[in-house]
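The values are calculated or read from the model by the stated rules, or taken from the named source; none is laboratory data. Small disclaimer: the values here were computed from a predicted structure and weren't measured. In this analysis, Cβ positions are derived from the backbone assuming ideal geometry, glycine residues included, and neighbour counts consider all displayed protein chains. Accessible surface areas use protein heavy atoms only, side chains included; no ligands, DNA or RNA. Shrake-Rupley method; radii C 1.70, N 1.55, O 1.52, S 1.80 Å.
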Amino acid sequence: MPHWLDTGIEYLKGVGPQRAEALKKELGIHTLGDLLSHYPFRHEDRSQVYRINGLQGDDVWVQLQGTVRPVGMTGQGNGRRYVAMLHDGSGEIELVWFKGIVYVDRMLKPGTTYRVYGKINNFKGKLSIAHPELDALIPNAPIKPLSLVPVYPLTEGMRRKKLENKFLVTAAQNAVNSTLYDIPENLPQAILNKYKFISRKDAVKELHFPQNLARLEEAKRRLKFEELFYLQLRHLMLKGFRNRTYKGLVFDKVGTYFHDFYDNHLPFELTGAQKRVLKEIRNDFKTGKQCNRLIQGDVGSGKTMVAMLSMLIAIDNGYQACMMAPTEILANQHFDGLRDWVETLGLRMELLTGSTTKKKREQLLIDLADGQIHILVGTHALIEQDVQYKQLGLVVIDEQHRFGVAQRAKLWKKGHVLPHILVMTATPIPRTLAMTVYGDLDVSVIDEMPAGRKPIVTVHRQESMRPAIMEFLRNEIAKGRQIYYVFPLIEDSEKLDLNSLMSGYDMVSTYLPPPQFKYSIVHGKLKTAEKDASMNLFKNHQTDILIATTVIEVGVNVPNASVMVIENAERFGLAQLHQLRGRVGRGNEQSYCVLITKPGLGENGYKRISTMVNTNDGFEIAQVDLELRGPGELDGTKQSGVLELKLADIRYDESTLIASRVEAQQWLESDELLMKPESAPIKAELAKIPNRTVWSKIS
Ligand code: ADP
Ligand code: MG
């Protein structure tokens, strides 16, 4: 029998077929259950009436009560507005309307007592409320019970149909006050007891219509945990499912290639962190389970070497390996970087990208299927339908966030026994985010930089200081160094983009004129061959300055470049700035990063720039980035689908996140297949979630 929650929304008192259509179309609310899980994003605190003379702060929502005195129209142009003063005996405050003025003017009755609700705007100590909500208090009528009123997410479409917050409040009220109101519990009793959580039925009711702020917090505490618990449970179940379903290749030996390379050709001593991570990977390889590991490491921490050594283990065990990069430039670079090492070992490595000629590609595919190629490096071209390996044992995905989930899934389907998979992040991501987005992967962290690196000196300069900056660049070039000079990408307009780059070049070259100073220019409009040619000139030190948009962002390695200049630095995100800065500091020389901005940075821009100036630590930067932007805005998380969190915010709910992971882990350890009676609520809950395809979440 269907549950009460599955009742169609049109049957709810006060809704009816027409409004039901709007709810379905605008908010995806089809049933009572949908309505009740359309959570309010805040509550209006109507639990008290404030005195005007006690008001302070900015952007706070308050309820006031008093009489109004209309003042009338004032101001010019955009500032034109209707003003009335509200008095409550303790003081007065301005009420302001920019729209609906005729209506307001007609409605406001001087001398009538109103209950007023709105957001305080504090402009240099002058308080006002724009577009307040007004309720006339009829003398001698009973005062409405004061309470916390939910505020729901709405769409413009709803508003156009005059279905405002009040409509949703009434609908939700009718639902929770129904005699049939019921919400089944979906957490096991043991967890409810342990955390002293209120029941789901109470929690949902309190979340919409809390009795007081403390009850609201209790409801949130429980529902956030529940949300995160199910997220972690799904990650861990996916992981468990893979482990049970797919055999992993067993790489039980570390053989000649690895040892030859390690003992005779390793160009440097591995850092402790590299060694530890390598050991973690080797352990995975031995277990007979498929390895799905995320390798996190800061820019320059040496992820490539870890990949190289891992690929050698695969080859030692008779398998092939491939390494996939997000761009051709990067694929080329990996290919060049690995080639000498691979060749000294007598192994064959090939490059496959969109630019590989048809003829070359044909031969390459034959050799690959025949097992003559040990390592294939490339871009998306690696996972096209006709690319068949003889025995693919390991896939390394570099700078992962550039790859769509669907692309990864394609790769997954390539062999019947799945290859081991290492995913490498471009920059670190905070632990909470890793747990949320990559919760089904094991995680290794390279948290140590190779010895002897000089920290990059980062400075913030105004545009007006260009002459001095250019003088500094001139000196660096005189010392034999090279310069990256980056302009922001102008989104959605390649043409504008090119213009800004060209005028940027004109500007820089007035200070550092050619032919004395030699330039490479790289931008999105160039063909791959042109881009590569330009990059190569810079790599080979035939040019001094690389003028670019952010196409150089990921991975590019030119150790002789010692300065990164970023124009309009305020227009870049933190992760991007950190990536860009990571292009320098790769050689033995002291390196610099110069962030140029216009004066008058906003708070957020200032925080980004000052974070860059204050630290080189990618993990710290990632944390600030997360705090500033919120989880939904970070690279690679939008597509993941796992950040559709409605209540929890991993920035603030870290301890709940960790607790939920621990509980999910322990639960599955004691009842992996959810067969025990205690697991019934979990099983029922999971059955409600439409089965997402397994592929879509696999790395
Ligand atoms: P990323 O982690 O950003 O991909 P890379 O793998 O490109 O970093 O390494 C950056 C540079 O550091 C490369 O030139 C690499 O050869 C060098 N490197 C890597 N590991 C070490 C180490 N243990 N000691 C010294 N240099 C190292
Ligand atoms: Mg790299």
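In the condition set (1) without any contact (Cβ under 8 Å) to a residue 24 or more places away in the chain; (2) more than 17 Å from Gln333 (Cα to Cα); (3) open to solvent by 40 Å² or more (accessible area, probe 1.4 Å), Ser509 is compliant with all but (3). Quick check: anything in the stretch 619-636 at pLDDT 90 or above, over 27 Å from Val299 (Cα atoms) and open to solvent by 20 Å² or more (accessible area, probe 1.4 Å)? Checking the stretch 619-636: not a single residue is at pLDDT 90 or above, over 27 Å from Val299 (Cα atoms) and open to solvent by 20 Å² or more (accessible area, probe 1.4 Å).
Return yes when Asp336 is within 23 Å of Pro428 (Cα to Cα) and within 16 Å of ligand 2 (Cβ to nearest atom) and no when it is not. No, not satisfied. When the stretch 207-255 is filtered for residues that are more than 19 Å from Asp649 (Cα to Cα) and of a type in the set (Gly, Ala, Ser), the ones remaining, listed by number, are Ala214, Gly240, Gly248, Gly255.
Within the stretch 289-308, residues that are in the same structural domain as Pro419 (by TED's automatic domain parsing) reach partners that are near ligand 1 (Cβ under 8 Å from one of its atoms) and charged (D, E, K, R) with beta carbons closer than 6 Å, at six or more positions or on different chains, in the pairs Ile295/Lys303; Gly297/Lys303.
Counting only residues that are β-branched (Val, Ile, Thr), crowded, with 19+ Cβ neighbours inside 10 Å and either within 9 Å of ligand 1 (Cβ to nearest atom) or outside any helix (DSSP H, G or I) (or both), the stretch 272-299 holds 2 of them.
When Ser90 is tested against (1) open to solvent by 50 Å² or more (accessible area, probe 1.4 Å); (2) outside any strand (DSSP E or B); (3) modelled with pLDDT of 90 or more, exactly one condition is not met: (1). Residues in the stretch 512-534 that are of a type in the set (A, V, I, L, M) and more than 13 Å from Tyr485 (Cα to Cα) were compared, and the one that is least open to solvent (accessible area, probe 1.4 Å) is Leu526.
Selection within the stretch 312-336: residues that are buried (at least 21 other Cβ atoms within 10 Å of the Cβ) and more than 24 Å from His380 (Cβ to Cβ). The member of this set that is farthest from ligand 1 (Cβ to nearest atom) is Ile313. Looking at the stretch 300-311, can you tell me whether even one residue there is more than 13 Å from ligand 1 (Cβ to nearest atom) and surrounded by fewer than 21 Cβ atoms within 10 Å (Cβ to Cβ)? No: zero hits.
Count of the stretch 1-30 residues, restricted to those that are more than 20 Å from Lys161 (Cα to Cα) and in contact with a strand residue (DSSP E or B) (Cβ under 8 Å, 6 or more places away or on another chain), is 4. Of all residues in the stretch 103-130, which are assigned to a strand (DSSP E or B) and of a type in the set (Lys, Arg)? Correct list: Arg115, Lys119, Lys126.
Note on the stretch 99-122: residues that are under 16 Å from Val71 (Cα atoms) and either polar (S, T, N, Q) or surrounded by 14 or more Cβ atoms within 10 Å (Cβ to Cβ) (or both) amount to 5. Scanning the stretch 576-591 for residues that are surrounded by fewer than 24 Cβ atoms within 10 Å (Cβ to Cβ) and either over 24 Å from Thr425 (Cα atoms) or of a type in the set (A, V, I, L, M, F, W, C) (or both) returns Asn588, Glu589, Gln590.
In this entry, Gly248 passes the filter for residues that are small (Gly, Ala, Ser), at pLDDT below 95, away from ligand 2 (no atom under 16 Å from the Cβ) and not in a helix (DSSP H, G or I).
Lys683 meets each of the listed conditions (1) open to solvent by 90 Å² or more (accessible area, probe 1.4 Å); (2) at pLDDT below 90; (3) of a type in the set (Lys, Arg) apart from (2). State whether one or more residues within the stretch 282-291 are away from ligand 2 (no atom under 16 Å from the Cβ) and under 25 Å from the mean Cα position of the chain (by Cα). Yes, the stretch 282-291 contains at least one residue that is away from ligand 2 (no atom under 16 Å from the Cβ) and under 25 Å from the mean Cα position of the chain (by Cα). With the structure loaded, tell me whether Arg46 is over 31 Å from the mean Cα position of the chain (by Cα) and open to solvent by 30 Å² or more (accessible area, probe 1.4 Å) or whether it fails that test. For Arg46, the condition - over 31 Å from the mean Cα position of the chain (by Cα) and open to solvent by 30 Å² or more (accessible area, probe 1.4 Å) - is not met. Taking every residue in the stretch 325-346 that is closer than 13 Å to His374 by Cβ and pairing it with any residue that is at pLDDT below 90 and in a loop (DSSP other than H, G, I, E, B), at least 6 positions away or on another chain, yields no pair with a Cβ-Cβ distance below 7 Å. Selection of the stretch 238-266 for residues being open to solvent by less than 70 Å² (accessible area, probe 1.4 Å), out of contact with any helix residue (DSSP H, G or I) (no Cβ under 7 Å at 6 or more places or on another chain) and not charged (D, E, K, R) yields Asn243, Tyr246, Gly248, Leu249, Leu266. Among the residues of the stretch 599-615, is there at least one that is basic (Lys, Arg), away from ligand 2 (no atom under 16 Å from the Cβ), in contact (Cβ under 8 Å) with a residue 40 or more places away in the chain and open to solvent by 60 Å² or more (accessible area, probe 1.4 Å)? No: zero hits.
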